[in-house]
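Each reported figure results from applying straightforward, stated rules to the coordinates on display, with no laboratory input. A quick note: this is a predicted structure, and the numbers were derived from the prediction, not measured. Here the Cβ is made from the backbone with ideal geometry for all residues, glycine too, and neighbour counts use every protein chain on show.
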Amino acid sequence: MERTEAELIAAVLKGDSASFEPLVQKYSPRVFATARRYARRESEVEDIAQEVWLKAFDKLKGFRGEAPFEHWLMRMTVRTCYDFLRGHQRNRESSFSDLSEPESDWLERFVTAPETASDNADAAKTLIGRVLERLSPQARLVITLLEIEDRSVKEIARLTGWSVPLVKVRAFRARAEMRKIVSKMAKDKYL
Amino acid sequence: MDIAELQKKLIAAARASAPGDQVPYAFEKRVTALLASRVAPENLDGWVRGLWRAAMSCVAVALLCGAWTFFSPAAASSTDLSQNFETTLLASVDQADQAP
């Protein structure tokens, strides 16, 4: 018979670390999908996921079971991703002069006829990747959660541990920061 | 160029490309093995920490005793342990000399 989540957690807390394995197996897809939003290289994604699970194991005593385990784990995942972003700030000051041909073509198409520039094009996806990489860790986290994952301010506050007003302030600043970077991209391409 | 529109398009592109949720082969086994390997050193850590604490306490006690011996008023007095020892040891000889 399959054990419930609560039973598995209780067993882990009693010292049976093997009971942690089914939890890792069940929730790793969500952890990996979240980590892939913030890290580009697969080795970095794996490092983040591993760190999340080690933290979860160490802090399991603090899990009170009031909210589902998944919510608790996702909070830890988002915070670990944020720590990763803070520790790996790169390419933030570089220019957009090295755009690939498909990226330049997509921008060109957007300028001449915006409706023909598809949201689904690979070039658009790599361009947004470049823009996100240039955002500050805070701005990237907020833009990803609020604009890309379409989460509410309350939900972001719960995930990040920030207060609701702080999330609103950071969202305002993040949008402004992103606008500045997109303008720079356009300027580098056309001026 | 309409920057706001471009920003919207790029956000839409990011929404359209949700990241994959595939997990590397046997990832859960790796995590459990890592946790198991961490448990043993953690037990050793307790011993090491305890022994270090004991060693530090011994050093502290030795230093305190040394300081007490060095700075105690007894050290300043004129009577010396070696002199007392010598007097006691030679007391019988002195007595023999004084005897008629």
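With a cap of 13 neighbouring Cβ atoms within 10 Å, and only residues DSSP puts in a loop, list the chymotrypsin sites (Phe, Trp or Tyr not before Pro) found in the stretch B:1-65.
B:Y25
5 Å is the cut-off here: which amide hydrogens, built 1.01 Å from N in the peptide plane, fall below it relative to A:A117, excluding neighbours closer than 5 in sequence?
Amide H neighbours of A:A117: none.
For chain A, build the convex hull from the C-alpha positions and give me its volume per residue in Å³.
Once divided by residue count, the hull of chain A is 144 Å³.
Keeping to pairs on different chains or 8 or more places apart, tell me how many lysine pairs in chain A have Cα atoms under 26 Å apart.
18
Based on the Cβ-Cβ distance from A:K59 to B:V59, what FRET efficiency comes out when R0 is 25 Å, to the nearest 0.05?
Given R0 = 25 Å and the Cβ-Cβ separation, E is 0.10.
Using the Kyte-Doolittle scale, which helices in chain B average at least 0.0 and also have C-alpha atoms spread 30 Å or more along the helix axis, with helices defined as whole DSSP H runs?
B:27-71
At 0.36 nm per residue, and after removing the present C-alpha to C-alpha distance, how many nm does the segment from A:R173 to A:T112 gain when stretched out fully?
Result for the pair: 19.0 nm of gain on full extension.
What are the trypsin sites (Lys or Arg not before Pro) within the stretch A:1-55 that DSSP puts in a loop, where the Cβ has at most 10 other Cβ atoms within 10 Å?
In loop regions of the stretch A:1-55 (DSSP not H, G, I, E or B), the sparsely surrounded trypsin sites (Lys or Arg not before Pro) are A:K14, A:R41.
Over the whole of A:125-135, what's the average partner chain Cβ count within 10 Å per residue? Rounded to a whole number, please.
Neighbouring Cβ atoms belonging to other protein chains average 3 per residue here.
Only counting other Cβ atoms within 10 Å, I'd like A:E108, A:E177 sorted with the fewest neighbours first.
Ranked by crowding around the Cβ, least crowded first: A:E108, A:E177.
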